[in-house]
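Have a look at the structure below, then the notes.
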Amino acid sequence: MSQLLDSTREAFTLLVTGDPALWTIISISFSVSLRAVLISAPPAFLLAFLLANTRFRGRRVLISTFNTLLALPAVVVGLTVYMLLSRNGPLGDLRLLFTQTGMVIGQIILCFPLLVAISHSALQAADRRAWETAVTLGARPWQAMLTVMYEVRYGLLAALIAAFGRVIAEVGASMMIGGNILDYTRNITTAIALETSKGAFAQGIALGFILLLAALLLNISLSVMQGKGAMR
């Protein structure tokens, strides 16, 4: 018990004093996850709009596929991307293994299905009259699409928040693709795993606190966005 209390006090000391190694890990984690979500969002929103507003062969199969991929294990994504980017893999010449770019690719694969699924649900519930009114007023198709997306903006924001929460907390893909390299690819979750295995609990507790705080803020934001969307 005393060891836990001592480690917790040391963890908060690291946070308050601005330990460079600790905050480097935190910045890498947030940077990689933000890039993955922001890169994924535009194509995911476009695909979700097409699935919600057009009819074509295979549409239901595609929707079911994205809903199924919501449960895609991070370690499976990590293994797949690792094999693709490894020296003997088809994309080995790009030399993206054990880089932040490789980690972004893995997190894009993880968050893209979630962005599509949640955005599709929001767009499917949108008032069809928003599209019809925009077209009647002379808006081009892309302008009408943006009008509809604005109408369900809280649902789309909820999708972004949920996707960010999904990737910032994953460990399997980041560990396998990034390699947990100090000051380069070591993020919050991989650092927690490493420090705990070494018995260095203070940094692990500090990083765990940041991750819990991020999860709390994301969940509060998600609840607020969903509440605003429901009131419309």
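The values are calculated or read from the model by the stated rules, or taken from the named source; none is laboratory data. Model, not experiment: these values are computed from the prediction. As a convention, Cβ positions derive from the backbone with ideal geometry for all residues, glycine included, and neighbour counts pool all protein chains shown.
Please determine whether any residue of segment 68-84 is farther than 25 Å from residue 182 by Cβ, among the polar types (S, T, N, Q), modelled with pLDDT under 95 and under 21 Å from the mean Cα position of the chain (by Cα).
Among the residues of segment 68-84, at least one is farther than 25 Å from residue 182 by Cβ, among the polar types (S, T, N, Q), modelled with pLDDT under 95 and under 21 Å from the mean Cα position of the chain (by Cα), which makes the answer yes.
Taking interchain pairs and intrachain pairs at least six residues apart, which have beta carbon atoms under 7 angstrom, with the first residue in segment 3-31 and assigned to a helix (DSSP H, G or I) and the second surrounded by fewer than 12 Cβ atoms within 10 Å (Cβ to Cβ)?
Taking only residues 6 or more apart or on different chains, the pairs are 24/183.
Taking segment 142-174 on its own, how many of its residues are more than 16 Å from the chain's Cα centre (by Cα) and either part of a loop (DSSP other than H, G, I, E, B) or modelled with pLDDT of 95 or more (or both)?
1
Check 114, 160 and return the single one that is closer than 13 Å to residue 37 by Cα and either touching a Lys or Arg at 6+ places or on another chain (Cβ under 6 Å) or surrounded by fewer than 17 Cβ atoms within 10 Å (Cβ to Cβ) (or both).
The match here is 114.
With respect to residue 42, determine if the residue is loosely packed, with under 14 Cβ neighbours inside 10 Å, at pLDDT 95 or above and not β-branched (Val, Ile, Thr).
Spelling it out, residue 42 is indeed loosely packed, with under 14 Cβ neighbours inside 10 Å, at pLDDT 95 or above and not β-branched (Val, Ile, Thr).
Check 61, 81 and return the single one that is crowded, with 19+ Cβ neighbours inside 10 Å and outside any loop (DSSP other than H, G, I, E, B).
Unique residue meeting the criteria: 81.
Condition first: in contact (Cβ under 8 Å) with a residue 40 or more places away in the chain and not in a helix (DSSP H, G or I). Now tell me which residues in segment 183-199 satisfy that.
183, 184, 185, 186, 187
Mind listing whichever residues of segment 119-141 are free of Cβ contacts under 8 Å to residues at least 12 places away in the same chain and part of a loop (DSSP other than H, G, I, E, B)?
Correct list: 137, 138, 139, 140.
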